[in-house]
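A.B. asks: After the C-alpha cells below, expect a handful of questions from me.
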Amino acid sequence: MNAAEWNASCAPGTLVAYHPILGETASRLVRTRSLAWELGHGAAVVSITGVAGGVLLESLKVIAVKVPDEHEPAGDVREGK
C-alpha cells in the first residue's frame, strides 16, 4: 500500500497493531499520529505513538479506522479494514 492509499482510508488517530519486527507475531496497540508519506526510495511510512520517526506501513495492521466525517462526532472509529 502506498501513502496515498493509506491516507484515503486511515486518518491520524487510527488504532493499529504495530509489529516492531516484521514477520514476528509480537505486536502492541498504538495510534497513528500523522498522515503517511513516502521516503525518497518509495517506502511508505507513518508516525505512531511511542516511536520516533516513521514506521513502515507493512509493520502495521489496522484494528479500527478513524474516519474524518463532518456528520460523525470527533474521535469516532469504525472497526477493521
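A.B. asks: For the range 17-22, in order, what is each residue's ³J(HN,Hα) by Karplus, 6.51 cos²θ - 1.76 cosθ + 1.60 with θ = phi - 60°, in whole Hz (x at glycine and Pro)?
C.D. replies: With coefficients 6.51, -1.76 and 1.60, one gets 9, 9, 9, x, 10, 4 Hz.
A.B. asks: Near the amide H of N2, under 5 Å away, which other amide H atoms are found, from residues 5 or more places off or on another chain, if H is placed in the peptide plane?
C.D. replies: none
A.B. asks: When a/c is below 1.5 the answer is rounded, else prolate if a/b is larger than b/c, else oblate, so apply that to the range 3-67 with a ≥ b ≥ c taken from the square roots of the Cα gyration tensor eigenvalues.
C.D. replies: Because a/c hits 1.5 or more and a/b fails to exceed b/c, the range 3-67 counts as oblate.
A.B. asks: Where the only charges are on Cβ atoms (+1 Lys, Arg; -1 Asp, Glu), what is the dipole of the range 3-67 about its Cα centre, to the nearest 20 debye?
C.D. replies: Computed charge dipole of the range 3-67: roughly 280 debye.
A.B. asks: If you don't mind, there's one more thing I want to ask. Whose amide H sits under 5 Å from the amide H of A36, counting only residues 5 or more places off or on another chain, with H placed in the peptide plane?
C.D. replies: Residues meeting the criterion, in which the H sits 1.01 Å from N, are N7.
Rule-based calculations on the coordinates, nothing more; no lab input. Here the structure is a predicted model, which means the values were calculated and not measured. In this analysis, Cβ positions are derived from the backbone assuming ideal geometry, glycine residues included, and neighbour counts consider all displayed protein chains.
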